[in-house]
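Heads up: the structure comes next, in structure tokens.
The values are calculated or read from the model by the stated rules, or taken from the named source; none is laboratory data. Model, not experiment: these values are computed from the prediction. As a convention, Cβ positions derive from the backbone with ideal geometry for all residues, glycine included, and neighbour counts pool all protein chains shown. For accessibility, only protein heavy atoms count, side chains too; no ligands or nucleic acids. Shrake-Rupley method; radii C 1.70, N 1.55, O 1.52, S 1.80 Å.
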Number of protein chains: 4
Amino acid sequence: MASNGFGQTFRFTTWGESHGPAIGCVVDGCPPGIALAEEDLQIWLDKRRPGQSRFTTQRREPDSVRILSGVFEGQTTGTPIGLVIENVDQRSRDYSKIADRFRPGHADYTYWKKYGIRDYRGGGRSSARETAMRVAAGGIARKVLGDGVSIRGALVRIGEKRVDRTRWDWDAVGANPFFCPDAAAAEEWADYLDAVRKAGSSVGAVIEIVAEGVPAGLGEPVYGKLDGDLAAAMMSINAVKGVEIGDGFASAAKRGEDAHDEMAPDDDGGVAFLSNNAGGVLGGISSGQPVVARFAVKPTSSILLPRRGVTEAGEAVEIVTTGRHDPCVGIRAVPVGEAMMALVLADHLLRHRAQNG
Amino acid sequence: MASNGFGQTFRFTTWGESHGPAIGCVVDGCPPGIALAEEDLQIWLDKRRPGQSRFTTQRREPDSVRILSGVFEGQTTGTPIGLVIENVDQRSRDYSKIADRFRPGHADYTYWKKYGIRDYRGGGRSSARETAMRVAAGGIARKVLGDGVSIRGALVRIGEKRVDRTRWDWDAVGANPFFCPDAAAAEEWADYLDAVRKAGSSVGAVIEIVAEGVPAGLGEPVYGKLDGDLAAAMMSINAVKGVEIGDGFASAAKRGEDAHDEMAPDDDGGVAFLSNNAGGVLGGISSGQPVVARFAVKPTSSILLPRRGVTEAGEAVEIVTTGRHDPCVGIRAVPVGEAMMALVLADHLLRHRAQNG
Amino acid sequence: MASNGFGQTFRFTTWGESHGPAIGCVVDGCPPGIALAEEDLQIWLDKRRPGQSRFTTQRREPDSVRILSGVFEGQTTGTPIGLVIENVDQRSRDYSKIADRFRPGHADYTYWKKYGIRDYRGGGRSSARETAMRVAAGGIARKVLGDGVSIRGALVRIGEKRVDRTRWDWDAVGANPFFCPDAAAAEEWADYLDAVRKAGSSVGAVIEIVAEGVPAGLGEPVYGKLDGDLAAAMMSINAVKGVEIGDGFASAAKRGEDAHDEMAPDDDGGVAFLSNNAGGVLGGISSGQPVVARFAVKPTSSILLPRRGVTEAGEAVEIVTTGRHDPCVGIRAVPVGEAMMALVLADHLLRHRAQNG
Amino acid sequence: MASNGFGQTFRFTTWGESHGPAIGCVVDGCPPGIALAEEDLQIWLDKRRPGQSRFTTQRREPDSVRILSGVFEGQTTGTPIGLVIENVDQRSRDYSKIADRFRPGHADYTYWKKYGIRDYRGGGRSSARETAMRVAAGGIARKVLGDGVSIRGALVRIGEKRVDRTRWDWDAVGANPFFCPDAAAAEEWADYLDAVRKAGSSVGAVIEIVAEGVPAGLGEPVYGKLDGDLAAAMMSINAVKGVEIGDGFASAAKRGEDAHDEMAPDDDGGVAFLSNNAGGVLGGISSGQPVVARFAVKPTSSILLPRRGVTEAGEAVEIVTTGRHDPCVGIRAVPVGEAMMALVLADHLLRHRAQNG
């Protein structure tokens, strides 16, 4: 049934396949009177764009977004915003090799079982190409949140390698092809990922998204919790297998006295938390602390090493991917994760306003 | 806004606070003609019921569920099923100690910031008492899924202790107070948790839920993915800080050739997977393999050790919990996690049928 | 699927059958901090209560509503409000006469065709008894709207008889058993309806609901228009066959120069409309004028005159209703229509606030 | 908030303004494996296309629809279908005359009050141009319903003129510029509407939509009733002020024995209704009889006669429309009403299947 939209009050609905003529989305429920131009979205799309280093797919897509409705004389009007990006570099010439077979790790088999038909060109709807529209919609969400909210993401793990958190530097993130906040690690990662790539293999990654400036009070118990919606949002990104908030899985190993953030009066008569193990969410509602979400991305499914698969006819087949691919799809998931954080927060900002004025 | 319901076609909506007269829920969209009696729900509620061992809260609640609508002559009619459980052991006598203060780890502060008012008795709406209704609704969901689908949960980690997966025995789960699938570990855990309890502390846990017999094809890309909805479902459970599917976070450290499940023809002309790293979900759609979800529960927030908190008036205060509590809330989360798995699967079974017949 | 709830941000979900132990509803999304007691709802339920004159059903139901959650120390908390009314006078002793047959005008046949099973006692879920919960929920909606919004309903037609609009007097509405705003007509209607009743027949009615004090700006083009949602709300009331806004069907016969409300500056620098043919809605958005909705109710289906029906076994059968019934169900639809107006407006007030602050 | 989509399982979301570069929609939840080409949609768009007679607006729009996703090798894939129509004849050269003023009968004032900003060119989002996407989406809905369901619409009233139902001929509908099922009336209407047009005025209309072949069982009590959703669907069409099902408002004047459709066994062991006063819906569920909906359209708001309006600055102003317009917007509402009927039925077909298999 209808499942290609996300959000309640600020809702976006995407359409399009990897190798169709275009992809697009509708952003519905955007407040009126917000200055918005295509450049405001393009800056985020450019961060996600493929082919910017040897570590991401070589598909050449300018990913130029057009705003076709909902903006008048430079401002949002409150009516739905239609966005379209043309697919330029589809290269759908030859898919005969995969048209009739199910590749390990891909959604080929499950789409076929579900729908009885699938657009096999580049993965069709299951392609990460869809995430371009999340990034574009996320640009609008950032405008809704305003300058007071900052959303930044970083790769904190790639395969066996992790960042050293004592060297965390947000400025480093934009200065290497990995969105890595640890400049020293990034250099090491380049060699590591080159070796992975040359071996025809791939690796997974962990991405951390931090939203600062989020007001306390966002999130709706019990089935519209902020962390519940973030979990759904992040898990819906291609290849994601796990999501955690704050301490996440590490909290399972903790004792109560180490796990919970103590409080003290702050200087303004308010409350200061003495730590942020909770990742900014208590009882499903933002606490005013930074909202911290982390998600795990599995290794790219398309690799050059031969893998055992099956054809539609039920025959065993060896599958080797020969086309372009990302040795670590997790890298380009960073701007996507940022976008999903922005989209969830914008939706909850409006939802909170609905009920609580 | 309205956020106390979950599910699209098979939807349940809960209401009630820890210390109000009753809690309840409405299950809407249940198919007609299913044999259903209160006993079918009570068996699951009995698994979750508090006070069954010294390791869970001593609150005495029979948790007797009543079906008030939607069932006629022993069968569901397709109309909404109203369920109610009376709160018997509220003990709301003395909450003066916490009425005006924010306890660390609890939702006191965030509810107050969001709504400007909160029912402080036993945590009000933020209490895990709400999960009783999930378990009851989950009993109906199991009926919708039918006998072909088996859903079982187990505690795989408690604080620093993990199960030995080579000793996994589903029969052991019901034979110890921890839902532990490793009988040897369970004995060790009893001592461990006694020590935690006597120290006035608490620990976290990891729960694993496995659904077998799930047909291939459930889940709706891209924002109604089966794993996306499972993530939202599990994260919405009280105290949960992380969710993963299949290999989950471990997949981030893997290489492509180790991460993806190869396939081979099976004996019936179908497809057999040679492993289940994916946890039964590919591209957001079930593959026919067991669906495996895992979630992390933080340590119980209420502990006997003094912690720093703040009053509504903005004054520093030391907070010590003196009432009954669970040293590990994760234990009773096992039947809740099972219920959420059942609820998500039942919803998706009907959603799939809507679109695909 | 799940269709027993109404509203987006302010949403209520009802459950219960005519002859079950109770009926109830959950009101989700109510703003916090609103003073609310059971009496606030009871006053509206008392208006709808059966058996208050010889012109409505003699079923004796006190319709005492209980608030089971969502209110703490006399104020709403923002969490879901659970409401329950016990069924007292079910008299389900003898339904053998209708258990196996489809009565003309009733939903017996269609429920059976849809679900393959039906609770035949008093119409089960299709009974107008469900509307009691709308009225209770509507009482909460009125609180959300506040004293500045006035919602009143009246019967403007009963069978062949209409009110004389030149004699319209809102005070008359409460002074006769018909909610008739024309005192002279009400006297005439008593004789008329007595004759209908004695003949064992029934008649239809038209109800008009007027909301004053509604701010301009409520309603969301294009599929959440205020009039679109009002149409859905009113049409969902039992036995309703038509809904119109403002001039409604009469506007089809008009010319442009007579149909549209001209405007002039008002004394406060705003806009005054010179008429209200639009019924307070333009382009799906409230204009600040009174919102006027009208709906037609068909004659009561249960009559004492013999009618041709069919049994489940497919045999022709003559059907005569012998039990208590309303000679004009439209009468008690007045408070229900008021409630639905309140519910739609409260929802849109919050929806508007979500997007537009 | 997000209100530009309609439907639950089969859902479409539209975007676009009268004078933007394009309009579009996303159809989400369409079953897979349905043969679909642009021509399947174009035939319905051509019926609605403006400028086909002197009785509709002279705006020249080819309304060529493109399918940009969701169809692969001629079949739907189950993924969202993106549709786009370019606006060709926007003529947005000179809107200075209406940019700062509120026209009677239009949504100028209410959009401005709601959003504080409006695209005044051709009415922006409030233009009936949006209905082109409904017609396109409706073409897909017809495919979902299949050949067994026939949906036809006709104009049964235009201003003071009505059809003679004894002369009803569906074949006549396509043979005159009014979708009039009474060939004799159509000739008379031409003269009548010419006079209206030459007088610079406009008239309203009533449209009747009949769906035959609808299976019994569609519709979901109590807030997803088939007639409730039809009411919302029809009322959401521009300029509609009333909706009725079957006898509609006429039923208010009837007696019980005349209002309800008696039943008799049919030849196949089923049930035959002896009349169709109910318009094919009982208790919100289709009965298997033709579903009959009727809606009233007010006269075109833009007329050549001077009308009193107000400027944004709050000054009185005389408003005369000089551009192209339809003397009766109701005419082109016929294919739109058909589309909305198809969209509601397709959604309910899938919803029914979800719950009832």
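Taking the longest Cα principal axis of chain D as reference, the axis of helix D:131-145 is set at about 10 degrees.
Backbone phi angles across segment C:326-340, fed through the Karplus curve with coefficients 6.51, -1.76 and 1.60 (θ = phi - 60°), yield HN-Hα couplings of 8, x, 9, 5, x, 4, 6, 6, 5, x, 5, x, 4, 4, 5 Hz in residue order; Gly and Pro are listed as x.
Taking only Cα atoms, what is the 0 to 90° angle, nearest 10, from helix C:226-235's long axis to the longest principal axis of chain C? Between helix and principal axis, roughly 10 degrees. Note that segment C:222-297, at 37 °C in a medium of 0.692 mPa s, gets a Stokes-Einstein diffusion coefficient of 245 µm²/s from its Kirkwood radius over C-alpha pairs. Across chain B, Cα-Cα distances exceeding 38 Å account for 19% of all pairs. Per-residue Karplus couplings for segment C:156-167, computed as 6.51 cos²θ - 1.76 cosθ + 1.60 with θ equal to phi - 60°, are listed in order as 10, 8, 9, x, 7, 9, 10, 6, 9, 5, 6, 9 Hz, Gly and Pro entered as x. Each other copy holds its own label point for residue D:258; taking that point as 7 Å from Cα along Cα to Cβ, the gaps run 2.7, 8.4, 8.4 nm, nearest first. For chain B, averaging the sequence separation of C-alpha pairs within contact (under 8 Å, six or more residues apart) and dividing by the residue count gives a relative contact order of 22 percent.
Under the criterion of Cα pairs below 8 Å and six or more residues apart, the relative contact order for segment A:121-255 equals 25 percent. Between residue B:97 and residue D:175, the simple label model (points 7 Å from Cα in the Cβ direction) yields a spacing of 9.0 nm. For chain D, the residue among D:341, D:236, D:36 whose Cα projects farthest onto the positive side of the dipole built from Cβ charges is D:236. In segment C:55-171, a dipole from Cβ-located charges (positive for Lys and Arg, negative for Asp and Glu) runs towards its positive end, and of C:55, C:111, C:148 it is C:111 whose Cα lies farthest in that direction. Radius of gyration over Kirkwood radius for segment A:34-151, both on Cα atoms: the Rg/Rh ratio is 1.05. Residue by residue along B:151-158, Cβ atoms of other protein chains within 10 Å of the local Cβ number 1 on average.
In the context of the full protein assembly, residue B:214 retains an accessible surface of approximately 10 Å², using a probe radius of 1.4 Å and ignoring ligands and nucleic acids.
Charges were assigned to the Cβ only: +1 to each Lys and Arg, -1 to each Asp and Glu. The resulting dipole of segment D:1-132 about its Cα centre is roughly 820 debye.
Computed over the alpha-carbon pairs of segment D:72-132, the distance histogram in 10 Å steps reads 17, 39, 22, 13, 9 percent, short to long. Residues C:352, D:260, ordered by accessible area of protein heavy atoms at a 1.4 angstrom probe radius and largest first, appear as C:352, D:260. Distant-in-sequence amide contacts of residue C:7, defined by a placed amide H-H separation under 5 Å and a gap of 5 or more residues or a different chain, comprise nothing.
Placing one equal scatterer on every Cα of segment A:34-97 and applying the Debye formula, the log10 ratio I(q)/I(0) at q = 0.15, 0.26 Å⁻¹ is -0.60, -1.10.
Surface burial for C against D, with a 1.4 Å probe and both sides summed, reaches about 8600 Å² of accessible area. Have a look at B:56, B:321, B:110 and tell me which one the Gaussian network model of chain B (Cα, springs below 10 Å) gives the largest fluctuation. Among B:56, B:321, B:110, the largest GNM mean-square fluctuation belongs to B:110.
Taken as Cα centroids, segment A:288-357 and segment D:9-64 sit 34 Å apart, rounded to the nearest whole angstrom.
Look at the stretch B:289-300: the mean tally of other chain Cβ atoms within 10 Å of its residues' Cβ atoms is 4. Amide H to amide H distances under 5 Å link residue C:127 with C:18, where only residues 5 or more positions off or on other chains count and H is placed in the peptide plane. With label points defined 7 Å past Cα in the direction of Cβ, position residue D:148 shows copy-to-copy spacings of 2.3, 5.4, 5.7 nm, given to one decimal and shortest first.
Take residue B:184, move 7 Å from Cα toward the beta carbon, and the resulting point lies 4.1, 9.7, 9.7 nm from the same point in each other copy, nearest first. No solvent, one uniform scatterer per C-alpha: report log10 I(q)/I(0) for the protein assembly as shown via the Debye equation at q = 0.04 1/Å, two decimals. With one equal scatterer per Cα and no solvent, log10 I(q)/I(0) is -0.23.
Computed on segment C:252-292, with alpha-carbon pairs under 8 angstrom and 6+ residues apart, the relative contact order is 27 percent. Near the amide H of residue B:325, within less than 5 Å, lie the amide hydrogens of B:58, all on another chain or at least 5 residues away, with H placed in the peptide plane. Between residue D:187 and residue B:250, the FRET efficiency from the beta-carbon distance, with R0 = 56 Å, is close to 0.10. Size check on segment A:147-189: the Cα extents along the three principal axes, sorted descending, read 35, 19, 16 Å. Under a model in which nothing but the beta-carbon of Lys, Arg (+1) and Asp, Glu (-1) is charged, chain D shows a dipole of about 1600 debye around its Cα centre. The rotation axis that maps chain A onto chain C passes nearest to the beta carbon of this chain A residue, listed with its distance in whole angstrom: A:354, 2. Computed from point charges on the beta carbon alone (+1 for Lys and Arg, -1 for Asp and Glu), the dipole magnitude for the protein assembly as shown about its Cα centre is near 0 Debye.
Only DSSP H runs of four or more residues enter the estimate; each adds -39500 (n - 2.57), and after division by the residues of chain B the mean residue ellipticity at 222 nm equals -8000 deg cm²/dmol. Note on segment B:214-357: along the principal axes its Cα atoms extend 68, 38, 25 Å, ordered by decreasing extent. For chain A, what % of the accessible area comes from carbon and sulfur atoms, probe 1.4 Å? It is 46 percent, rounded to a whole number. Pairs exceeding a 31 Å alpha-carbon distance, out of A:225/C:113; A:47/D:114; C:114/D:298; A:225/B:47: A:225/C:113; A:47/D:114; C:114/D:298. Peptide D:198-205 shows a mean partner chain C-beta count of 5 within 10 Å per residue C-beta. 3J(HN,Hα) couplings calculated from phi for segment D:197-211 with the Karplus curve 6.51 cos²θ - 1.76 cosθ + 1.60 (θ = phi - 60°) are, in sequence order, 5, 5, 6, x, 10, 7, 9, x, 7, 10, 10, 10, 10, 10, 10 Hz; Gly and Pro show x.
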